[in-house]
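The values are calculated or read from the model by the stated rules, or taken from the named source; none is laboratory data. These numbers were taken from a predicted model, which means no experiment stands behind them. A quick note on method: Cβ atoms are made from the backbone with ideal geometry, for glycine too, and the neighbour counts reach across all protein chains shown. Each accessible area value is taken on the protein alone, full model and side chains, heavy atoms only, with ligands, DNA and RNA left out. Shrake-Rupley method; radii C 1.70, N 1.55, O 1.52, S 1.80 Å.
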Amino acid sequence: MTSDNVTLSKVIGIIYDAALDPSLWDRALEHSCAFVGGSSAVLYWHDVASERSAAVHLFNDDPNYTRLYFEKYMPMNPVFPAATFVESGLVYTPTDIVPEAELAETRFHKEWVEPQGIVDVVCVNLEKGTTSSSVLNIRRDETQGTADADARGRVALLVPHFQRAISIGRLFDQSKKTQAVLTETLDNVEAAVLLVGTNGRIVFANEPGRAMLNEGELLRDRRGALVAVKPEAQRTLRDMFAAAENGDLSIDARGVAVPLSSSSHQRWFAHVLPLTSGDRQRTAAIYSATAAVFVRRTSPARPPPLEAVAKLYALTASEVRVVDGIMKVSSVKALAELLGLSRATVKTHLHNVFRKTGTSRQSELVKLMAGFEPPAID
């Protein structure tokens, strides 16, 4: 195994350990920075509808600038709300959203980014909701330079493990060990989640998981054991359960997504996280579980109005910001202050929006947004 693969396996193991011991997230972000090439990192969530955001875990940030971001500069961040449109799991940088020349002219860049010596940020939406997303940012300074294909590729290797760790992290509360609390926690997880013990024995299933077992189309309860309907999927699950029981660490690094369905319209995948290694082993003992299985679906979805309007009228990220801002303030002056742009720049974007949407004034644009019904995607 090459040194890069050894390092990757180590980082992945720490990420999964952090899922069950939140105090390890700083360490997971530190090792992720070292693997990718970054000076600092943050895990945070952002909701454009409620205009709220919060850092969940940070590594090597400047506390003063972090405070200033949430107190003052968050509304000026030029990548939002367009960044929330990026599909979960896709790696991007700010210049993929907004041209570099436009970024450089914003107050956000001049007053918040440049003073910290940040030259680039590698980003990924780990989870994407209708108006919100949970995001991983790995920042790069002058010693690392702008993100190249290698840096993006390294982040992409970590993404599925961060996504699973976040889902699994919701399963366990280290300070509460009752079945009632576990049930409540699991039932608030969107994915179907099942905990299995020896030989795939089902020791717990949340509400979506129980519904999936009752339907019996993808997974079934066969005499208390979890089995997949598709024979090839069942063989893979059986092998992964056995590896988890034996404490096989290599399963962590494979990142295997087990396809449970063949439909191109609606695809279901199962992911298995072993709970028999590292810090996870102590937690697993509480629940007599050797592995956690969570099942997600990838299917066409109806985008939220702002995203749908942006795609329908081919709006740029900066134009999307203006449309979003118009729903909050009315004057060009207020828009400029809100977005951290000059009035001339706001007027330019506003005129472009009018031209693209066939409107001529802000009130018409507000009516367009208020009455817009996103088309369903077949």
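Only residues that are over 9 Å from the mean Cα position of the chain (by Cα) and open to solvent by less than 50 Å² (accessible area, probe 1.4 Å) were counted in the range 85-115, giving 15. Scanning the range 119-126 turns up no residue that is at pLDDT below 85, buried (at least 22 other Cβ atoms within 10 Å of the Cβ) and polar (S, T, N, Q). Checking Ala253, Ala244, Ala285 one by one, the residue that is modelled with pLDDT under 90, surrounded by 21 or more Cβ atoms within 10 Å (Cβ to Cβ), assigned to a helix (DSSP H, G or I) and of a type in the set (Gly, Ala, Ser) is Ala244 and no other.
Can you tell me which residue among Leu29, Leu58 is touching a strand residue (DSSP E or B) at 6+ places or on another chain (Cβ under 6 Å) and assigned to a helix (DSSP H, G or I)? None of the other options fit; the residue is Leu29. Residues in the range 1-52 that are within 19 Å of the chain's Cα centre (by Cα), loosely packed, with under 15 Cβ neighbours inside 10 Å and of a type in the set (Ser, Thr, Tyr): 1 in all.
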